[in-house]
Amino acid sequence: MSQLIKAQTLKGFRDYLPAPAMARERIMEIARRVYRSYGFSPIDTPALEYTEILLGKGGDESDKQLFRFTDQGGRDVAMRFDLTVPFARFAAQHLNDLGTPFKRYHLGTVWRGENTQRGRYREFMQCDFDTIGTESNAADIETMLVIHDLLAAIGFERFSVRVNNRLVLNGLLDKLGLAEKTSGILRSLDKLHKIGRDAVVAEMVERVGATSEQATRVLDLASLSGSPADILTKLEPMLAGSPLGELGVSRLRELFSAVSTAGIPAERVRLDVSIARGLDYYTGTIYETFLADDPSIGSICSGGRYDNLAGLFTNQKLPGVGASLGLDRLLAALENLGQIDSASTPAPVLVVYFQPERLGDYLRIGRLLRAAGINAEVFPESKGVGKQLKYADRKGFRVALIAGEDEFQSGQWQVKDLKAGQQTTVAEADLVDHLQKLLAGA
RNA sequence: GUGGCUGUAGCUCAGUUGGUUAGAGCGCCAGAUUGUGGAUCUGGAAGUCGCGGGUUCAAGUCCCGUCAGUCACCCCA
């Protein structure tokens, strides 16, 4: 007996069985479709980059999380931890071929060596889209529309996109003389929903070094609630005299107004002045998206505006705005909500292979259906009909096609609707038509 | 990276103060039913008790380490 190797996967890395894999591919197809519908073009970049390309772009945390090693040629390399930094490199390298404004989407796997949790993996797929080369608020607003349409197309009804603008908080912090402590303040503020107002104030005073009056002023702003228009109206006097803060408010005002005119339901869009998250490079509008039915999984689609995407790689200034759908996190939420279809076959039709000497005919009918756009599997073994129907049932086939010598003689097929439990006899000439109608009704 | 909880069959779990051959339900396979699934009945296969070490006459059970999952911190998709 040879020593068996234990079949196992690494922490944070997962296998996909057919049912979740099909759900995953379905979402990828929807993402591509929605992005393309807005005119975003596909690109791709390597999984591996020179480490210096990736280091220091997402803050210290992401540096620590890099999967990094020396390749066979002695190069210091690392696996990408997001799609934005590689895009910055890509944009700097190919700017002359792209022209601006440039809109791209990119579906790709990324790797982060952090601790795992439900919906947090070390390998996961992001579905990014960005518009670069423009500072126009129209791009920020369109980003909002894309996020909304994407989630709606996936089939969600109850979700909220929370929007904020870094300029608002930066403007306030500027006014209060807290500009130097921005990142500490934002980090504390971000816990508002979790630990409450008093704890946040305490943390800002103790850990960040703000005075309690400063902290209170920040919380007064961040705690504003109500409709976007209400909040913005209350925000204005608080930021008076801060050009950046006022700009942030006016951009938000335009965003909420345009988004509403464009037809996005108001309940799916919120102004949340307390959200501050997002990587360090965000400078303007920021977005986070939560599912009403599983908020604990965290944001499933986040992004924002940045002043200068590729400043480390080129002198050309490239402002932009975009967002990223966390596909595997979304999938974990769907799984949790029991919304993964249990069918594990992409074909609706199983051709029962029942008479060995008629193999060619079974294969022929399979090709006939495929030519008409109907996915069909011919069972690979000539076994009992009952066995094959059981297989069809378990795998989630919609229809079984059965024919033996009698049917072949008369040019007919038994079409068994496995969901309804009904069986009808159909002439081969009418088969495609019949199935198309049956499947359309499903 | 730090801390808490968890880890027994494919899945969900039981397993008495450590005590002989580790159980159940569901699922799977075969048959009842060699041209008809989901039901029922009968039978069957399947477990390195996550892995490694230690204590003990004896470890699924106690101790240590490790791997994995999960939760919190941190950060984020």
Taking the C-alpha atoms of the stretch A:1-49, convex hull volume expressed per residue in Å³ = 152 Å³
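If neighbour count is taken as other Cβ atoms inside 10 Å, put A:Val385, A:Val163 in order from fewest to most.
With the fewest neighbours first, A:Val385, A:Val163 line up as A:Val385, A:Val163.
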A:Ala153 to A:Ala229: extension gain in nm, 0.36 nm per residue of separation minus the Cα-Cα distance?
-> 24.6 nm
Looking at chain A, do any whole DSSP H helices span at least 24 angstrom along their long axis by alpha carbon and average -0.5 or above on Kyte-Doolittle, and which?
-> A:137-154, A:243-261
Check cross-link reach from A:Lys387 to the lysines: straight Cα distance under 30 Å, and skip same-chain residues fewer than eight apart.
-> A:Lys395, A:Lys416, A:Lys419, A:Lys437
Given the rule -39500 (n - 2.57) for each run of at least 4 DSSP H residues, summed and divided by the residues of chain A, what is its mean residue ellipticity at 222 nm, to the nearest 500 deg cm²/dmol?
-> -12500 deg cm²/dmol
At 7 Å along the Cα-to-beta-carbon direction for both A:Asp417 and A:Ala47, put a label point, then send me their distance in nm to one decimal.
-> 4.5 nm
Note on the stretch A:349-441: the mean projected area of its alpha-carbon convex hull, in nm², is 5.4 nm²
At most 12 other Cβ within 10 Å, DSSP loop - trypsin sites (Lys or Arg not before Pro), the stretch A:275-375 = A:Lys317
When only C-alpha pairs under 8 Å and at least 6 residues apart count, what is the relative contact order of chain A, in percent?
-> 16 percent
Between A:Leu439 and A:Glu254, the FRET efficiency computed from the C-beta separation at R0 = 56 Å comes out, to the nearest 0.05, as 0.75
What is the gain in length, in nm to one decimal, between A:Arg367 and A:Thr182 on full extension, counting 0.36 nm per residue of separation less the C-alpha to C-alpha distance?
-> 60.2 nm
Global size of the stretch A:181-315 as Cα Rg and Dmax, reported in angstrom | 15.9, 45
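Once you charge only the Cβ atoms, +1 for Lys and Arg and -1 for Asp and Glu, what is the size of the charge dipole of the stretch A:302-442 about its Cα centre, to the nearest 20 debye?
Using only the charged Cβ atoms, the result is roughly 480 debye.
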Among beta bridges that DSSP assigns inside chain A, antiparallel share in %, nearest 5 = 80 percent
Cα pair distances in chain A, grouped into 20 Å bins until the bin that holds the longest one, percent each | 21, 44, 25, 9, 1
Calculate, in nm to one decimal, what A:Thr424 and A:Arg118 gain on full extension: separation in residues at 0.36 nm each, minus their alpha carbon distance.
-> 105.5 nm
Which chymotrypsin sites (Phe, Trp or Tyr not before Pro) in the stretch A:1-49 pass both tests, a DSSP loop state and at most 14 other beta-carbon atoms within 10 Å?
-> A:Phe13, A:Tyr16
Of all lysine pairs in the stretch A:18-336 that are eight or more residues apart or on different chains, those with Cα atoms under 29 Å apart total 21
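None of the figures in this text is laboratory data; all of them are computed from the coordinates on show. The structure displayed is predicted, hence computed values, not measured ones. With ideal geometry, Cβ positions are generated from the backbone for all residues, glycine too; neighbour counts draw on all protein chains shown.
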